[in-house]
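A short worksheet on the structure shown next.
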Amino acid sequence: MKTLWAVVLTVAELAAFEYGLKPVHVNDKTYCFFGAPEVMNTHNNGNMVNSCFVDAGGSYLVIDSGPTYLYAKEAHMQINALKPMKVSHVINTHVHDDHWLGNGYFLAQGATLAGPTPFEHAIHSQETPRMALRISKAAYEGTTPTVPSKLIAQSGSLHVNDMEVQIVHVDHKAHTSGDLFIYIPSIKTLFAGDLVFNDRIPSLRDGDLNGWIKALDQIASYGAQTLIGGHGVRFDAKAAEFTYGYLTRLRDEVRSAIEEGVTIDAALERIVMGEYKSAAMYDVMHRANVEAAYRMLEWEE
């Protein structure tokens with residue numbers, strides 16, 4: 001009997017899971033769901049990333065589908081409560097799984113999935129996603145890693161109904177290899193993915209420091225009035241300033257240490273950048289970023 005009740009309770013928990021997502025009105029055509037400035041865990045269940053819906057007239061364009069099937073389903077339900085429409089297109093900005101594990105829900109709804117070419121390596125991957133290992137089974141229920149069928153290797157444009165959508169392929173390693181950002185001229189809105197962080201320290205884990213700064217300079221050239229990153233709730237024209245300031249300061253301090261002959265261990269102790277200590281995930285990310293930056297920059301010519 002105890003075993004039966006355990007099964008019943010488990011099924012009830014899986015069926016009842018909700019994120020409690022609330023859409024934020026960003027501009028006349030855009031609503032976003034903004035996640036917490038945290039690592040994925042069993043408390044946020046992956047709700048630590050940003051996912052946006054753009055009203056393209058007749059259907060929605062989604063920028064990053066989020067961390068799970070249930071997240072994507074709930075986000076679509078919340079948007080449909082405001083204005084019911086199908087999702088016709090989903091663009092994944094890069095290969096980190098918190099940004100695309102909701103793809104399966106939208107594919108089942110008939111959406112076209114697009115993303116950068118590094119997804120080629122994910123098609124045949126047998127590796128269990130980080131999300132599956134770090135969040136609750138209830139939140140991950142129904143999630144099947146579903147990679148985009150349309151792979152983008154260079155910049156170009158598409159039209160979603162009558163809306164022009166410019167997809168910019170970053171042609172060098174930045175946050176990852178193969179980052180995309182999306183600019184919609186009619187609403188002067190740019191979706192930067194994880195090239196832009198706010199409220200928390202960015203991660204250099206899979207990136208290149210100089211390439212990332214170069215990509216941010218490219219983003220700035222668009223003069224977007226609305227700039228939405230992959231993490232953090234700021235979305236005004238200056239939303240990239242936090243990431244740009246952190247990365248350029250990190251580059252300059254690490255370069256100085258290397259030029260002075262400071263060892264990597266000493267640099268880890270020296271390069272504190274105290275003005276960023278109050279940002280979320282400083283304790284988790286900053287020392288790792290210093291080490292990664294040192295290893296990149298020590299080979300600069």
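Nothing in this text is a laboratory measurement; each read-out follows from the coordinates by a stated rule. Computed from a predicted model, the values in this text were never measured in an experiment. Because the Cβ atoms are built from the backbone with ideal geometry, glycine has one as well, and the counts that use them run over all protein chains shown.
Zone of residue 172 (label point 7 Å along Cα→Cβ, backbone N under 20 Å): which residues in the range 202-226? Of the residues in the range 202-226, 203-223 have backbone N under 20 Å from the label point off residue 172. Calculated FRET efficiency, residue 264 to residue 205, Cβ-Cβ distance, R0 = 25 Å: about 0.90 to the nearest 0.05.
Listed options for volume of the Cα convex hull per residue in Å³ are (i) 122; (ii) 167; (iii) 148. The value calculated from this structure is the one marked (iii). Between 289, 80, 103, the Gaussian network model of the chain with springs among Cα atoms under 10 angstrom shows the greatest mean-square fluctuation at 80. Kyte-Doolittle cut-off 1.0, length cut-off 15 Å along the helix's own axis using Cα: show which whole DSSP H helices in the chain pass. What comes out of the filter, once short or polar helices are dropped, is 2-16. Highest average first, the peptides 188-201, 252-265 ordered by how many other beta carbon atoms sit within 10 Å of their residues are 188-201, 252-265. In a shell of Cβ-Cβ distance under 12 Å around residue 234, excluding residue 234 itself, what net charge do Lys and Arg (+1) and Asp and Glu (-1) give? Overall, the nearby charge balance is -1.
In a solvent-free Debye calculation with one equal scatterer on each Cα, what is log10 I(q)/I(0) for the range 210-268 at q = 0.23, 0.31 Å⁻¹, listed in the order of the q values? The Debye formula, applied to the Cα set alone, gives -0.89, -1.28. Mean-square fluctuations from a GNM of the chain, with a 10 angstrom spring cutoff on Cα atoms, peak among 175, 89, 43 at 43. Label separation (residue 155 vs residue 218): 0.7 nm, computed from points 7 Å beyond Cα along the C-beta direction. Placing unit charges on each Cβ (+1 for Lys and Arg, -1 for Asp and Glu) gives the chain a dipole about its Cα centre, and among 80, 216, 52 the Cα reaching farthest toward its positive end belongs to 80.
Other residues whose C-beta falls under 15 angstrom from the C-beta of residue 67 contribute a net charge of -4, scoring Lys and Arg +1 and Asp and Glu -1. Within the same chain, lysines fewer than 8 places from residue 214 are excluded, and of the rest, those with a Cα less than 19 Å from its Cα are 173, 238. Quick one: among 271, 152, 135, which has the greatest mean-square fluctuation in a GNM of the chain with alpha-carbon springs under 10 angstrom? Highest fluctuation of the listed residues: 271.
Available extension along the chain between residue 137 and residue 80 is 17.9 nm, counting 0.36 nm per residue and deducting the alpha carbon span.
Think of the range 2-237 as having a plus end and a minus end, set by charges on the Cβ of Lys, Arg, Asp and Glu; of 68, 156, 170, 68 sits farthest toward the positive end of this dipole.
Charges were assigned to the Cβ only: +1 to each Lys and Arg, -1 to each Asp and Glu. The resulting dipole of the range 2-237 about its Cα centre is roughly 360 debye.
If the segment from residue 236 to residue 256 were pulled out straight at 0.36 nm per residue, it would be longer than the present Cα-Cα gap by 3.9 nm.
Round to the nearest 0.05 the FRET efficiency obtained for residue 295 and residue 124 when R0 = 30 Å and r is the Cβ-Cβ distance.
0.50
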